[in-house]
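First comes the structure, then the notes that go with it.
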Amino acid sequence: MPKEDSIDIVSPAQLSEGNQAHLRIPLLGCCLYVDWTAKLERVKPGKEFSDRQISGPFKIWKHRHLFLQASSHGCLMRDEIEFLLPGGKLIHATLSPFVVNKLRHVFQYRHQILIQEFGQGQPELFNGSLKIN
């Protein structure tokens, strides 16, 4: 993650349905943190996995990670996120553009790192996309 968006993995989850990951995420850059627990709900090894927030900063958070074959030598990683902020429709409507921008920043960085690690100098072999609802 970019340093200002660094997420601390307090206890990682094994990639199995029903397992939980405990995270600590920074708010406002550095001095305020929120604990976040996500539960793995659907795991299809090599194809996809999904997680849902059990507790944390969102009223609703669902995240689906898809791995699709794009060519004989590469894949497309797609993140699909559905979220709702706490505090009602006005808060969600007002703050969700900020959250979407932050998510795009974090996931673009993650996709760049994955290309560096797995793309072997051929970024077209590993591509990422993000869908946020």
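Every condition in (1) at pLDDT 80 or above; (2) more than 20 Å from Asp51 (Cβ to Cβ); (3) not basic (Lys, Arg) holds for Gly74 except the one numbered (1). Of the strands (runs of 3 or more DSSP E) lying entirely inside segment 29-101, not one is found with 3 or more residues being within 17 Å of Ile132 (Cβ to Cβ) and hydroxyl-bearing (Ser, Thr, Tyr). On inspection, Gln69 does not qualify as among the polar types (S, T, N, Q) and either under 20 Å from Asp8 (Cα atoms) or within 18 Å of the chain's Cα centre (by Cα) (or both). Hey, any hits in segment 41-64 for a residue that's in contact with a helix residue (DSSP H, G or I) (Cβ under 7 Å, 6 or more places away or on another chain) and surrounded by fewer than 15 Cβ atoms within 10 Å (Cβ to Cβ)? Within segment 41-64, none of the residues are in contact with a helix residue (DSSP H, G or I) (Cβ under 7 Å, 6 or more places away or on another chain) and surrounded by fewer than 15 Cβ atoms within 10 Å (Cβ to Cβ). Residues that are under 27 Å from Glu117 (Cβ atoms), buried (at least 16 other Cβ atoms within 10 Å of the Cβ) and either in contact (Cβ under 8 Å) with a residue 24 or more places away in the chain or touching an Asp or Glu at 6+ places or on another chain (Cβ under 7 Å) (or both) occur at least once in segment 3-19. Scanning segment 35-50 for residues that are of a type outside the set (Lys, Arg) and under 21 Å from Asp8 (Cα atoms) gives Asp35, Trp36, Thr37, Ala38, Leu40, Phe49, Ser50.
The values are calculated or read from the model by the stated rules, or taken from the named source; none is laboratory data. Keep in mind it's a predicted model, so treat the numbers as computed, not measured. Every residue, glycine as well, gets a Cβ built from its backbone with ideal geometry; the counts of neighbours run over all protein chains shown.
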